[in-house]
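Worksheet: one structure, shown below.
Where a number appears in this text, it was derived from the coordinates with a stated rule and is not lab data. Remember, predicted model here, so these are calculated numbers, not experimental data. Ideal geometry is used to build each Cβ from the backbone, glycine not excepted, and the neighbour counts take in all protein chains shown.
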Amino acid sequence: MKTEDDNADDTVLFHVEGRTAVVTLNRPRALNALTHPMVLRIDEALGAWEEDPAVHQVLIRGAGERGLCAGGDIRAIHDDAKAGTTASAEFWRDEYRLNARIARYPKPYVALMDGIVMGGGVGVSAHGGVRVVTERSRVAMPETGIGFVPDVGGTWLLGRAPGRLGTHLALTGAAVGAADALLCGLADHFVPAGRLPELTAALAGAPAHEVLPRYAATPPPGELAARRPWIDHCYAAGTVEEIVERLLADGDPAAKEAAETILAKSPTALKVTLAALRRAAALGSLEEVLVQEFRVSCNALASPDLVEGIRAQVVDKDRDPRWSPPALADVTDADVEGHFAPLAGGDLSFG
């Protein structure tokens, strides 16, 4: 039987409608998860359109009704980590370069962040200049739940969210809807999902800045604005252990729920994530943060928690990961620092 992945050329589609070049991630049964060939083909297309005077703007969307993109192909990362090979590092090197290209793209880059937008899906959308969410949007960086750390420029984005909202989202891996994505700086406009076909058609004939005001609306209320007092207080603590203590002591049921969510994640990933966020806030550019994330990601391949987390969540689906070490107190400063060590194979660079 032929599957959607038998022909790599079909996993991402390209066409031009009027003045707009359109990228369609086309793996709907896999929630449009990114593969290495997809990343390379998107990058190549963006490079060509950058020089094409007939293309005035770019639009990226996902096939199907479930979402733009659920992230990278983490089964492949699981297999690579188990085998001790280098395919994941090669994928990340090209993926992070694509994220940087999107952030610096000289033409309007419009991302339709409808449905599920997680991990690598955030990387190909939230760095764009025009980011559209809908009432179906669920935007997240859920990496700590698989023993990993937010990447694809996620620590850059979350580190610049108001107050401590980004730290809350990074440690819990919580998914946010349209209003909260706007509040956190992960999106720019809300458009009802039913109007996306009209919006896409209108973009064929006019610039995004002229078209969007006709379709943008007020999103349904979010949750994070009202939670800012306890989020900003609790996540300002110096360590993950102190953050959890503050959350448990706060008295708000949502704070207690956040603490319980955090305690279910990989202790090592949590501590590395907090360190990565705080270091990212001190770095001056997205490219510098991506270099840091590349080190962290590649070093995480050697961590038992990445293989175990993907096993528990995606392979066996028992939802019962056995983290090593199992408790926050057992993760040493040296364990954390090792994730930021220079790579024997060379750091990420931008040509």
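Some observations on this one:
- Only the Cβ atoms of Lys and Arg (+1) and of Asp and Glu (-1) were treated as charged; on that basis the dipole of the stretch 263-312 about its Cα centre amounts to roughly 180 debye.
- Among the lysines of the chain, pairs that are 8 or more positions apart or on different chains and have alpha carbons within less than 29 Å of each other number 10.
- Taking the DSSP bridge list for the chain and keeping only pairs wholly inside it, about 30 percent are antiparallel.
- The stretch 287-301 and the stretch 332-351 have Cα centres lying 6 Å from one another.
- Between the Cα long axis of helix 36-50 and the first principal axis of the chain there is an angle of about 50°, rounded to the nearest 10.
- Net dipole in debye of the chain [+1 Lys, Arg Cβ; -1 Asp, Glu Cβ; about Cα centre; nearest 20]: 640 debye
- Rounded to the nearest 20 debye, the dipole magnitude of the stretch 272-351 is 140 debye, with +1 charges on Lys and Arg beta carbons, -1 on Asp and Glu beta carbons, and the Cα centre as origin.
- Across the stretch 194-351, Cα pairs under 8 Å and at least six residues apart give a relative contact order of 20 percent.
- Euclidean distance between Cα centres, the stretch 208-271 to the stretch 116-188, Å: 11 Å
- Shape call, the stretch 167-306: gyration tensor on alpha carbons, a/c limit 1.5: oblate
- Alpha carbon centroid spacing (whole Å) that separates the stretch 74-91 from the stretch 33-63: 25 Å
- Loop-located GluC sites (Glu not before Pro) in the stretch 46-124 (DSSP state other than H, G, I, E, B) with a sparse environment of at most 14 neighbouring Cβ atoms within 10 Å: GLU51, GLU65.
- Acute angle (nearest 10 degrees) that the helix 253-263 long axis makes with the longest principal axis of the chain, alpha-carbon atoms: 80 degrees
- The loop-placed trypsin sites (Lys or Arg not before Pro) in the stretch 310-351, going by DSSP, that have at most 15 neighbouring Cβ atoms within 10 Å of their Cβ come out as LYS317, ARG319, ARG322.
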